[in-house]
Amino acid sequence: MQRPVLAALLVFLAGALWSESLADIFSPYIQRGGDQVVARKDVVKLLEWSADHTANVFDLMDEAGLYLSNRGVRLTVWGNDLRAAVAGRFKLGDARVDALFPLASLISLTLGARNGHEGEVEVFLTQPHSGFLELGDFSLAQHYGFRSLGPKSLTGAFGVHVKEGWLKFDLDQVDRVPDPTGHGSPNFIAIHLKFFPRPKQWLIEPITVLP
């Protein structure tokens, strides 16, 4: 076996052995049940899990939300805790991530729904946020998110719209999709807009550990 391949395999195995699973991280919260705040040390563990699994922000929301689904628990990550966990240790992604999940203005991210009036993913910001991406100007309300989750799919979006020229489209759902380029990247998403003819596929950078 060539040395670069062996080195990569050893790094992967080390991550698999030493990183905690979502079950390990969430087990104490599920045992207690109800609405809870994720401790800062566990926020760090979620970022470590993401980095170990080459997961981006949407992968983390989907996988964590699905794991918590129907377990009688709703978890909130405070923006201050996420910023403190990220600072100097992790990179959440590039401009595409910031346009869709602006860390600087994040009040909270909540995962898991315990009644029909809650979204499976809810994000609260200090103020509305907008940023330009290839489709146009993405605008996020102070409260936005997704009402339901499925395997590799965040659906029932609310509070997000895209404006291109004089046209305005509401976000419908985000799917985690195979790499359309054939290079095997696990980090592509498809953005579905209501009444837009076809989804836009983007590469979303994974959460990484800073060198």
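The values are calculated or read from the model by the stated rules, or taken from the named source; none is laboratory data. Since this is a predicted model, take the numbers as computed values, not measurements. All Cβ positions, glycine included, derive from the backbone under ideal geometry; neighbour counts span all protein chains shown.
Going by the conditions given, is PHE138 surrounded by 15 or more Cβ atoms within 10 Å (Cβ to Cβ), in contact with a strand residue (DSSP E or B) (Cβ under 8 Å, 6 or more places away or on another chain) and of a type in the set (A, V, I, L, M, F, W, C)?
yes
Under 18 Å from LEU149 (Cβ atoms), among the charged types (D, E, K, R) and at pLDDT 90 or above: is that true of GLU48 in this structure?
In short, no.
Answer yes or no as to whether ASP170 is of a type in the set (D, E, K, R), surrounded by fewer than 16 Cβ atoms within 10 Å (Cβ to Cβ) and not in a strand (DSSP E or B).
Here the answer is no, as ASP170 does not meet what is asked.
Determine which single condition LYS194 fails, assuming it passes every other condition in (1) out of contact with any helix residue (DSSP H, G or I) (no Cβ under 6 Å at 6 or more places or on another chain); (2) surrounded by 17 or more Cβ atoms within 10 Å (Cβ to Cβ).
(2)
Quick one: which of GLY119, GLY88 is in a loop (DSSP other than H, G, I, E, B), crowded, with 18+ Cβ neighbours inside 10 Å and modelled with pLDDT under 95?
None of the other options fit; the residue is GLY119.
Just to be sure before I move on: is ALA51 among the hydrophobic types (A, V, I, L, M, F, W, C) and within 16 Å of THR110 (Cα to Cα) in the structure I sent?
In short, no.
Of all residues in the range 55-85, which are outside any helix (DSSP H, G or I) and surrounded by fewer than 19 Cβ atoms within 10 Å (Cβ to Cβ)?
SER69, ASN70, ARG71, GLY72, THR76, TRP78
Taking the range 191-211, which residues are farther than 15 Å from VAL174 by Cβ and without any contact (Cβ under 8 Å) to a residue 60 or more places away in the chain?
Of everything in the range 191-211, those that are farther than 15 Å from VAL174 by Cβ and without any contact (Cβ under 8 Å) to a residue 60 or more places away in the chain turn out to be PHE195, PRO197, PRO211.
Given the conditions (1) within 23 Å of PHE158 (Cβ to Cβ); (2) of a type in the set (A, V, I, L, M); (3) in contact with a Leu (Cβ under 7 Å, 6 or more places away or on another chain), report the number of the one that LEU46 does not fulfil.
Result: LEU46 passes all but (1).
Which number in (1) under 16 Å from LEU60 (Cβ atoms); (2) surrounded by 15 or more Cβ atoms within 10 Å (Cβ to Cβ); (3) not aromatic (Phe, Trp, Tyr) marks the one condition that ALA157 misses?
Only one criterion in (1) under 16 Å from LEU60 (Cβ atoms); (2) surrounded by 15 or more Cβ atoms within 10 Å (Cβ to Cβ); (3) not aromatic (Phe, Trp, Tyr) is unmet by ALA157, namely (1).
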